[in-house]
1. Which of (1) outside any strand (DSSP E or B); (2) modelled with pLDDT of 95 or more; (3) open to solvent by less than 90 Å² (accessible area, probe 1.4 Å) does ALA149 not meet, given it meets every other one?
2. Any residue in region 1-17 that's at pLDDT 55 or above: show its pairings with residues that are open to solvent by 90 Å² or more (accessible area, probe 1.4 Å) at Cβ separation under 7 Å, as long as the two are six or more apart or on different chains.
3. Which is at pLDDT 95 or above, surrounded by 14 or more Cβ atoms within 10 Å (Cβ to Cβ) and within 23 Å of TYR86 (Cβ to Cβ), of VAL43, VAL33?
4. Of all the residues that make up region 68-86, how many are open to solvent by less than 40 Å² (accessible area, probe 1.4 Å) and either out of contact with any strand residue (DSSP E or B) (no Cβ under 9 Å at 6 or more places or on another chain) or more than 12 Å from ASP161 (Cα to Cα) (or both)?
5. If the Cβ limit is 9 Å and pairs must be 6+ apart or interchain, which residue in region 76-90 that is without any contact (Cβ under 8 Å) to a residue 60 or more places away in the chain and β-branched (Val, Ile, Thr) pairs with which residue that is surrounded by 12 or more Cβ atoms within 10 Å (Cβ to Cβ) and part of a strand (DSSP E or B)?
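The values are calculated or read from the model by the stated rules, or taken from the named source; none is laboratory data. Keep in mind it's a predicted model, so treat the numbers as computed, not measured. Note: ideal-geometry Cβ built from the backbone for every residue, glycine included; neighbour counts use all protein chains shown. Just so you know, the surface numbers come from the protein's heavy atoms only, side chains and all, with ligands and any DNA or RNA stripped out. Shrake-Rupley method; radii C 1.70, N 1.55, O 1.52, S 1.80 Å.
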Amino acid sequence: MAKTSTTTQGLRAAIERSGYYPALVAEAVEAAVGGEPIRSYLVHQETTFDQNEVRRHVTVLVLTGQRFIVSHTDEQAADSTSPTPYATTSTESVKLGRISSVVVSRVVANPEQYTPGTLPREVVLTIGWGAVSRIDLEPAACGDPNCDADHGYTGNSTADDLSLRVSEAGDGPETVREALTFAQALSEATADLDH
């Protein structure tokens, strides 16, 4: 989808609907996108409870023809570094060719009765581009129960630079649908690079 005023307005409207510092979030996202055409986007606002505080966070994902842009905005309470509450906004721009994995995990209720096209109960979108990796190690062992030799360690390295969870109960069915649409657009964009 080429960048049209409708696409730009749709992104701006989604940011405003999130209700989370829309002017701040929109300015950061629009600066990162620049003049590139927007192919797809996803806005996800999340509220968490941290002891006695309620914290809000918004993530905006934008797909252009050349890049994947991630924006995070968090609010912070007044603390020793600031006498007033403040927000932190960051954007990261990733060339599409750097994206190594797009994982979509779907949770469906009553899978034996699943009908194609039914929305999942929740979706977890995990995107890796090599900036952050997680290594899980455990002691290696052999099949001999009497062996007491040191076999070193074995493990897995997983790239999961971004993991975003949306659910029908918490975010509504439209957000689940939007997450699936964005994931498909991103998967197709990265697959197009292989041709």
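1. All conditions pass for ALA149, except number (2).
2. THR7/MET1
3. Numbers: VAL33 fails: within 23 Å of TYR86 (Cβ to Cβ).
Going through VAL43, VAL33 in turn, the sole match is VAL43.
4. Taking region 68-86 as the starting set, the residues that turn out to be open to solvent by less than 40 Å² (accessible area, probe 1.4 Å) are 68-71, 73, 75, 82.
Among the residues that remain, those that are also either out of contact with any strand residue (DSSP E or B) (no Cβ under 9 Å at 6 or more places or on another chain) or more than 12 Å from ASP161 (Cα to Cα) (or both) are: 68-69, 71, 73, 75, 82.
The number of residues fulfilling the criteria is 6.
5. These pairs meet every condition: THR88/HIS72; THR88/THR73; THR88/ASP74; THR88/GLU75; THR88/GLN76.
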